[in-house]
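Quick notes on the structure that follows.
The values are calculated or read from the model by the stated rules, or taken from the named source; none is laboratory data. These numbers were taken from a predicted model, which means no experiment stands behind them. Because the Cβ atoms are built from the backbone with ideal geometry, glycine has one as well, and the counts that use them run over all protein chains shown. Remember, those area values only see protein heavy atoms, side chains included, never the ligands or the DNA or RNA. Shrake-Rupley method; radii C 1.70, N 1.55, O 1.52, S 1.80 Å.
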Amino acid sequence: MPRMAVTERRAALIQAALRVIAADGVAAATTRAITAEAGMSLASFHYAFRSRDELIAELIPYVVEHESLAAEQTLAPGRDLRETIKRGLEGFVELVAADPAREQAMFELSLYALRTEELREAAKAQYASYYKAAEGIVAAAAQLTGRTWSRPASEIARIVVTLTDGLTLGWLVHRDRAATQPIIDFAADAIAALADPLDTSEPA
């Protein structure tokens, strides 16, 4: 294959690993299977990663970063909090629909880590990454719309992650965007209701 920069090689291998995991599970994601999926040689793998474990460890921050960027791109002035949340959730679902293998792989990673005693901390780290990213987004949404949350942003973030987990798994099962919209609308209403009420009183 054409010579690639190390960053490009790493990204290609991460994406290949996600596809292998989604199709066959974490146990099947050997260096040989990953490089075959990426169309690379085994030697090429070691230019990018020292080991399979290092690559697996990079999957979580890679996916979280891309999902966070997608959500942040939906933030724009001129909308109320409910509409801002709704647009963010719609953007998230579109990201899931664009690359379902990635999301399926992330669920597989979580379950594999929970079944593997020495990897249980990895599952906690995975969700800690999700919560941190969601906390930044909900704080930014409140600031952008001039609202304040009635609960700590960290608690709102956990609620958002729980809801997006459900949206993701539901979409992966039925692949029905129209059926997903009412859930998005409900989630936007529920999350927006956790903000302090607007002060609609007129100045004296």
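The table for this structure:
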quantity	calculated
Phi-based couplings in Hz for the stretch 175-187 (Karplus 6.51, -1.76, 1.60; Gly and Pro marked x)	6, 10, 5, 4, 5, 7, 4, x, 5, 4, 4, 5, 4
Folded to 0 to 90 degrees: helix 52-72 orientation relative to the chain principal axis, Cα	30
Under 15 Å from the residue 4 label point (7 Å along Cα→beta-carbon), backbone N, the stretch 11-35	11-20, 31-35
Protein accessible area in the stretch 1-145, 1.4 Å probe - carbon and sulfur %	54
FRET E, pair residue 66, residue 118, Förster distance 22 Å, beta-carbon r, rounded to 0.05	0.20
Mean-position separation - Cα centroids, the stretch 28-99 and the stretch 133-204, in angstrom	22
Heavy atoms of residue 44 accessible to a 1.4 Å probe, total area in Å² rounded to 10	20
Per residue, in Å², the accessible surface of the stretch 74-163 once ligands and nucleic acids are set aside, probe 1.4 Å	52
Between helix 120-145 and the chain: long-axis angle, C-alpha atoms, 0 to 90°, nearest 10	40
Other-chain or far-sequence residues with amide H under 5 Å of residue 195's (modelled H)	150
Accessible area (Å², 1.4 Å probe, nearest 10) - residue 106	10
Computed accessible area, residue 173, all protein chains, 1.4 angstrom probe, square angstrom	120
Net length gained if the chain between residue 101 and residue 57 were fully extended (0.36 nm per residue, minus Cα distance)	14.1 nm
Cα-based helix-to-principal-axis angle, 100-115 vs the chain, degrees rounded to 10	80
Estimated FRET transfer efficiency (residue 189, residue 41; beta-carbon r; R0 45 Å; 0.05)	0.30
